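Working notes for the structure below.
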Amino acid sequence: MKKFFMMSLLALVTLVSQAQQNKLKVKDNSSSDRLEVKEYARSVGVFKSRPEINKDKKKTTAVWHGSNMDWVEDYCEAKNVAIENDYLELFPEMSEMFEDDEPYVPMSWRLTEENNETVLHCYFPMPADEVSNLFLASEETSLVDQETGVQYRIRRTEPDTYNKHFTVRAKKGDVLDLKIFFAPLPETTRDIRIYGVSCWEMMGMPVKIMNHFRGSATSYDATPQFHKPCLLREHLNVDKPYDRQDWDTWKVMTDAHLIKPLPNSTKALWRTPEATYLALGCEQNWTREYFGFSPDTKLMDEAGHQYKLREVQGIPLGELFFMEGMAGDYIAYVMVFDPLPLELTKITYIAPAGEPFKAWGADWSGSVKTLDIKQLRENQKLFEYQERVVVE
């Protein structure tokens, strides 16, 4: 096999392979069980020069290069380190890198989801039986979503070497599987950067998560958490039963879920086993503006099956109401429908026209639109809560 790395202390090879869409079976090296994982990305990583190897009658030893974390004084010996026996199956192109005279050590890695956590596997081929001065992770270690800016901070490491230099003992040539754990990534995540893993040269490393497995038709979403509006006044001005022809009897709501500016009627969808959540983005043109939702609003699939509207979170169904906020707000209403089958790829949104009513600019027009479920799910990130910022 032709050697493809550049002869230098560090040679960056192909960054990230396409994430696997199918389920992978990899060995949980701490037990005889097989652990099901799903892969986001992987990389052969960078190459670092092999440290000087010292030999005595019983073992070989090496001191690893500086980690750029020299101010960290805590030190430990790593215990119960997992060995990745399938490394060459993961990276078959590395079969020539395990020769005794090879001057470089590949710092490979893999990003996966396991047991509802994101796991960064940092692979370390042992150049000697004992290696000291290694460093894995600290409080600086994080994953950062490049679309939302959300930071996913480190939870723990396996073995427990958090914020410590460490020595590790294993058979020369073994590949250690050093793990860093984070919270699960949202299914809309596409591009991240990895920070704070200096020995693997991940100090802002860009990673593209392609074909995110949870975007497939076989997965549910987590139940979305929206800021629910609340009742400000039972009636605008007149304490009488609701009358669609008398706006003084309409409810006044406030404290809507605020979002960043979006084209009017932008939608996003979440599917759970219990319900379907469809968010609708609206521009608020007035400090107090009226809206309304018909209880006959529904979703319908291509076979004609209908999914009924159960509620609009925090909002009266079948009544016109006022939303009080600020002109220029962008707000989201969340409609809750019957659950959708996972195999659906398109859904038709049907909102019937309302009865005529007396109001300035009165309009409760109907709408029939066929929507792409994949695009609706990708829109989820557009509906994150956005605090109102006012500059005077």
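A few comments on the model shown:
- Computed over protein heavy atoms with a 1.4 Å probe, the accessible surface of the stretch 164-209 works out to 31 Å² per residue.
- Multiplying the residue separation of Met326 and Arg156 by 0.36 nm and removing their Cα-Cα distance gives an extension gain of 56.8 nm.
- Hz values of 3J(HN,Hα) by residue in the stretch 186-193 - Karplus curve (6.51, -1.76, 1.60), Gly and Pro given as x: x, 5, 7, 5, 10, 10, 10, 10
- In Hz, Karplus ³J(HN,Hα) per residue of the stretch 261-275 (6.51, -1.76, 1.60; θ = phi - 60°; x = Gly, Pro): x, 9, x, 4, 6, 4, 10, 9, 9, 10, 10, 10, x, 9, 6
- Cut-off under 5 Å, modelled amide H: who pairs with Lys48 long-range: Val105, Met107
- Cross-link pairs beyond the 32 Å C-alpha cut-off, checked among Lys164/Lys374; Lys208/Lys228; Lys208/Lys346; Lys251/Lys298; Lys58/Lys79; Lys208/Lys267: Lys164/Lys374; Lys208/Lys228
- About the Cα centre, charge dipole magnitude for the stretch 115-272 (Lys/Arg +1, Asp/Glu -1 at Cβ), debye: 200 debye
- Here the stretch 262-342 is treated with +1 on each Lys and Arg Cβ and -1 on each Asp and Glu Cβ, and its dipole about the Cα centre works out to around 100 debye.
- The stretch 236-392 shape via C-alpha gyration tensor axes, a/c threshold 1.5: oblate
The values are calculated or read from the model by the stated rules, or taken from the named source; none is laboratory data. Given the structure is predicted, the values throughout are model-derived calculations rather than measurements. Heads up, the Cβs are rebuilt from the backbone with ideal geometry, glycines too, and the neighbour counts pull from every protein chain shown. Heavy atoms of the whole protein, side chains included, go into the accessibility calculation; ligands, DNA and RNA do not. Shrake-Rupley method; radii C 1.70, N 1.55, O 1.52, S 1.80 Å.
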